[in-house]
Amino acid sequence: MSGRHVPAVTGLRGQGELGRIIVDWTPLPWAVVVDHYAVYGTPGTGDVAVEPANLLTKTVYPRFVHRGLGGDGATWTYRVVAVDAAGSRSKPSQPLTASSQESVTASGTPLAVVGEYDGKGLEFALSPGGYSQYPATFPNGIDFRHGTDDAGTGWSYLHPGPADGWAGRRTHTFRLRVDLDAVPAGEVWLALWLIDSHASIPGSAVLDINGTTVDRLVFEGGATRGSTVGDSTLPGSPLRPSYVERQLPPGLLLAGENVLTLTKDDGSWIAYDAIGLFTMS
């Protein structure tokens, strides 16, 4: 239908974050009864054709979070069309090009990694749906030595918290032991990727390195589906991945054994994609 009476969307802005691009725009005046906004996009810096093959989402909000873009840093171009209650469509907005941030998993050098940064948690123990076996399999949490232990048997895909009745409603600690030949040169970063987390109470965890408390890591709410689904890359996946990457204070890592400890003493479970330490020169 003609879009003569539906104003074009203006004010598109893009904010690149790790693994995603947030696109928002100026909402149409209240006098226009908007049924939804249609967001179109294609990879790269060229223009985007407003056609069904490029439709990314329909939303009633003047905002779209484009997720699942990975860690390499992705560039996309977007246009938005407003559709009113009668089905009339506006002209497409002006194009907007934006880029997501590059992950340290792409730009850094790995010191130790458990899992694969691939949007999947299928390589971990008990995945994709064996969480009920966690209390018997890991009664004392996780104590994992990099280079010796296997993620398929030694690292649980879910890290429960005290809100989880199936895991005893208590604190759960995961330890990663890393042996280093020498003190790393340059910056050291933690890269913790999740394929999903509990939607309403993902909570937080305390990060310790060699007995020194570094930070309390706060997790984003997910889709509460990662307890039974292990792949966020499939078309139409219900999972909601999130990412935590932060630089570690200098001087914490030593030559010899190092122990990274994540203590989940708040909220419910998180579902791992991968966890690792990286150096940046």
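The values are calculated or read from the model by the stated rules, or taken from the named source; none is laboratory data. Keep in mind the model is a prediction, meaning the values are calculated, not measured. Note that each Cβ is placed from the backbone with ideal geometry, even for glycine, and that neighbours are counted across all protein chains shown.
Candidates R170, R175: the one that is in contact (Cβ under 8 Å) with a residue 24 or more places away in the chain, under 27 Å from G152 (Cβ atoms) and either part of a strand (DSSP E or B) or of a type outside the set (S, T, Y) (or both) is R175.
G251 satisfies every condition listed in (1) part of a loop (DSSP other than H, G, I, E, B); (2) within 17 Å of the chain's Cα centre (by Cα) except (2).
For segment 57-83, enumerate the residues that are in a strand (DSSP E or B) and closer than 20 Å to Y243 by Cβ.
Quick first cut of segment 57-83, residues in a strand (DSSP E or B) only: 57-59, 63-66, 75-83.
Scanning segment 57-83 gives R63, F64, V65, H66, T75, W76.
Inside segment 1-48, residues that are under 26 Å from the mean Cα position of the chain (by Cα), assigned to a strand (DSSP E or B) and in contact (Cβ under 8 Å) with a residue 60 or more places away in the chain make up a count of 11. Against the list (1) touching a strand residue (DSSP E or B) at 6+ places or on another chain (Cβ under 8 Å); (2) hydroxyl-bearing (S, T, Y); (3) more than 24 Å from K120 (Cα to Cα), the condition T212 fails is (1).
A single entry from L217, L248, L262, L252 fulfils the requirement of being surrounded by 21 or more Cβ atoms within 10 Å (Cβ to Cβ), modelled with pLDDT of 95 or more and either in the same structural domain as R20 (by TED's automatic domain parsing) or in contact with a strand residue (DSSP E or B) (Cβ under 7 Å, 6 or more places away or on another chain) (or both): L262.
From the list G46, G14, the lone residue that is surrounded by fewer than 16 Cβ atoms within 10 Å (Cβ to Cβ) and small (G, A, S) is G46.
Out of S93, S127, one residue alone is in contact with a Phe, Trp or Tyr (Cβ under 6 Å, 6 or more places away or on another chain), crowded, with 19+ Cβ neighbours inside 10 Å and either in a loop (DSSP other than H, G, I, E, B) or not assigned by TED's automatic domain parsing to the domain that holds T233 (or both). It is S127.
On inspection, L207 qualifies as touching a residue at least 40 places away in the same chain (Cβ under 8 Å), assigned to a strand (DSSP E or B) and either among the aromatic types (F, W, Y) or crowded, with 17+ Cβ neighbours inside 10 Å (or both). If you go through segment 17-33 and keep only what is crowded, with 20+ Cβ neighbours inside 10 Å, among the hydrophobic types (A, V, I, L, M, F, W, C) and in contact with a Pro (Cβ under 8 Å, 6 or more places away or on another chain), you end up with just W25.
Residues in segment 189-228 that are closer than 21 Å to R20 by Cα and β-branched (V, I, T) were compared, and the one that is nearest to the chain's Cα centre (by Cα) is I195.
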